[in-house]
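A.B. asks: Okay, here's the structure, questions in a sec.
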Amino acid sequence: MIEMMYDVKDRVAVVTGSSRGIGKQCALAFAEAGAKMVLNYVSNKEAAEITAEEIEGLGGEAIVVQADVKDFESCLALGEEAISKFGKIDFLVNNAGINRDITFSRMSQQEWQEVIDTNLGALFNMSKACVPHMRDNNFGSIVSISSIIGETGNIGQSNYAATKSGMYGFTKSLARELAKDNIRVNTVSPGFVETDMLHTVPADLLAGIKDEIPLGRFGYPDEVALAVLYLCSTAGSWITGSNISMNGGHNML
């Protein structure tokens with residue numbers, strides 16, 4: 001019974017930025033649960049192909065598609081390639097994102113716009129690419145990876161915080177619009193997770209951050225991936241317009 005509740009077997013999942021970190025772990029989790037994967041990368045083809053090989057090693061099926069999520073036409077092409085290969089799109093995980101951390105007084109317009117276009121613009125672009133196909137089947141689930149920074153803000157991250165906070169408004173609005181089509185839309189907001197992005201933070205700052213986390217450690221990408229899988233699975237079938245905030249107690253809402 002429990003296995004049936006989490007069943008995503010033969011569903012098709014698109015995960016953006018799935019060559020590493022949280023995106024890669026999402027792809028592996030979905031594949032292990034039986035989903036067919038559409039992996040996306042913007043520049044690191046080799047890493048994406050390694051992820052595909054790992055999925056095939058699990059007995060799964062995956063294709064690798066290059067697309068820049070801030071480019072509308074590129075996203076539409078990704079969607080069409082998914083349909084050409086698998087015939088449908090059931091799940092979309094908006095994971096791809098960047099940061100350009102700098103205090104507002106020194107932030108350039110380019111540093112602002114690049115983060116907005118990549119982190120927030122991608123939600124529009126990828127949803128436009130996938131939602132029509134979900135509507136065709138009267139089924140779908142969209143999960144966007146937000147952040148604790150969208151909940152709290154942070155010095156030097158006004159651009160990043162704006163995008164991650166903006167995801168909540170987009171998600172709730174789209175969830176209301178698409179409920180009639182049996183398409184659910186949610187977010188997951190991780191705290192500080194062991195990824196390449198975290199490792200760019202100076203060691204002394206990392207130590208201070210860890211001291212502020214009640215559970216005493218950073219998160220792991222696979223923990224986030226399981227939350228995403230839950231939201232897309234049958235177990236999460238009555239959840240839409242919601243956010244799972246997971247941060248070791250760092251921000252208790």
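A.B. asks: Using only the alpha-carbon atoms, what does the chain span along each of its principal axes? Please give whole angstrom values in decreasing order.
C.D. replies: Extents along the principal axes: 48, 41, 39 Å.
A.B. asks: Which value, in Å to one decimal place, does the Kirkwood hydrodynamic radius take for the range 134-253 when every pair of different Cα atoms is included?
C.D. replies: 15.3 Å is the Kirkwood radius here.
A.B. asks: Can you compute log10 of I(q)/I(0) for the range 84-139 with the Debye formula, treating each Cα as one identical point scatterer, at q = 0.14, 0.16, 0.17, 0.27 Å⁻¹?
C.D. replies: For the range 84-139 at q = 0.14, 0.16, 0.17, 0.27 Å⁻¹, log10 I(q)/I(0) is -0.51, -0.60, -0.64, -1.05.
A.B. asks: Same structure, new question: Quick one: divide the alpha-carbon radius of gyration of the range 105-169 by 2.2 N^0.38 Å and tell me what you get.
C.D. replies: Cα Rg divided by the expected 2.2 N^0.38 Å: 1.33.
A.B. asks: Please report the base-10 log of the normalised intensity I(q)/I(0) for the range 1-104, using a Debye sum with one equal scatterer per alpha carbon and no solvent, at each q in 0.12, 0.16, 0.18 (1/Å).
C.D. replies: Once normalised to I(0) and log-transformed, intensities are -0.38, -0.64, -0.79.
A.B. asks: Something else: Could you check what % of the DSSP bridge pairs in the chain are antiparallel, to the nearest 5?
C.D. replies: Beta bridges within the chain, antiparallel portion: roughly 0 percent.
A.B. asks: Report in % the part of the accessible area of the chain that belongs to carbon and sulfur, leaving out ligands and nucleic acids; probe 1.4 Å.
C.D. replies: Summing carbon and sulfur atoms, their accessible area is 52 percent of the total for the chain.
A.B. asks: In debye, nearest 20, what is the charge dipole magnitude of the chain about its Cα centre with +1 on Lys and Arg Cβ and -1 on Asp and Glu Cβ, if you could check?
C.D. replies: 720 debye
A.B. asks: Taking the Cα atoms of the range 171-231, report the difference between the largest and smallest coordinate on each principal axis, in whole Å and largest first.
C.D. replies: Principal extents (largest minus smallest coordinate, Cα): 49, 22, 20 Å.
A.B. asks: Can you tell me how much longer the chain between residue 199 and residue 32 gets when fully stretched, taken as 0.36 nm per residue apart minus their C-alpha distance, in nm with one decimal?
C.D. replies: 57.4 nm
The values are calculated or read from the model by the stated rules, or taken from the named source; none is laboratory data. From a predicted model like this one, the values you see are computed outputs, not experimental measurements. Methodologically, a virtual Cβ is constructed for each residue, glycine included, from the backbone with ideal geometry; neighbour enumeration extends over all protein chains shown. The area values use the complete protein model at the heavy-atom level, side chains included, leaving out ligands, DNA and RNA. Shrake-Rupley method; radii C 1.70, N 1.55, O 1.52, S 1.80 Å.
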